[in-house]
1. Considering amide H positions built from the backbone, and no H for Pro or chain starts, which residues 5 or more places from S140, or on another chain, come under 5 Å of its amide H?
2. Taking H placed 1.01 Å from N in the peptide plane, check which residues at least 5 places from F147 or on another chain put their amide H under 5 Å from its amide H.
3. Just want to confirm a number: the relative contact order over segment 77-149, from Cα pairs under 8 angstrom separated by 6+ residues, in percent.
4. Could you give the size of the charge dipole of segment 51-153 about its Cα centre, using +1 on the Cβ of each K and R and -1 on the Cβ of each D and E, expressed in debye and rounded to the nearest 20?
5. For segment 108-157, what is the relative contact order in percent, using Cα pairs closer than 8 Å and at least 6 residues apart in sequence?
6. Distance between the C-alpha centers of segment 50-96 and segment 132-206? Whole Å please.
7. Using amide H atoms built 1.01 Å from N in the peptide plane, name the residues 5+ places from D57, or on other chains, whose amide H lies under 5 Å from its own.
8. Tell me, what ³J(HN,Hα) does each residue in segment 182-196 have, in order and in whole Hz, if you take phi through Karplus 6.51 cos²θ - 1.76 cosθ + 1.60 with θ = phi - 60° and put x for Gly and Pro?
Amino acid sequence: MPQAARTQRPSRWLVLAIAIHAPLGWLAMATMATGRLADPPPDTADAEPTLIPIRRDDPDRYQNFVINWDAGTEVLCAVVRTPADYARLFHPAPVIGGKKPFAPPDAAFEKEHLLVIARVVGGDGGSSLAIERIVEKKGSLVVHGRFEPSTAQSSFSIKQAALAWIPVREPGPVTFIENDTTIATLDTGKDAWVVPDLPEESTASE
């Protein structure tokens, strides 16, 4: 009389091998199904730009003017980090009876830096210049500005400036973009705080 077939129990080594290789098998199957590996961890992915808080300032609050810069360059960009930088870029314009301060208080630069975009524009006052937003991306600052020139004819020109304060930050690259076009790049970590270069003190005039 034939005996019933005995069920052969798998060896301990076979069970261990299946347990070890099963996760790899599932990973291979998932890769084949999706056509790609799992997403990289967040620290290796491209970080989204971070919006930097800004405090816009009105140049008319101060009784001063942006000094002349290199001829033939209509736009100037700067990251003013100290009262000395400010005094280098803005000169006082004393007038009889004037009550406006010549500059922000020195203490302002202990907690904030001042970003400046200045332009030579027509004297009719119809131009618009503003710093719209500032973002940080991969350790660099990107300053987005907007300029709308006047369409009127003018017989003389003036200097117009847009000012925005940001919290004090470590030195590093800063890119200025105006109307979606890069107009200047500087690196405050290498003492490049203004572009173009300013003239010597003895030649700077209104």
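1. Placed amide hydrogens put nothing under 5 Å from S140.
2. Counting only residues 5 or more places away or on other chains, the set is N179.
3. 29 percent
4. Approximately 260 debye in magnitude.
5. Computed over segment 108-157, the figure is 40 percent.
6. Segment 50-96 and segment 132-206 have Cα centres spaced 10 Å from each other.
7. Excluding prolines and chain starts, which carry no amide H, the hits are L163, A164, W165.
8. After applying 6.51 cos²θ - 1.76 cosθ + 1.60, I find 5, 10, 6, 9, 9, 10, 5, x, 10, 6, 9, 9, 8, 9, x Hz.
Computed from the coordinates by the stated procedures, all read-outs in this text should not be read as laboratory data. All figures in this text were calculated on a predicted structure; none of them were measured in a lab. Cβ: placed from backbone, ideal geometry, glycine included. Neighbour counts: every protein chain shown.
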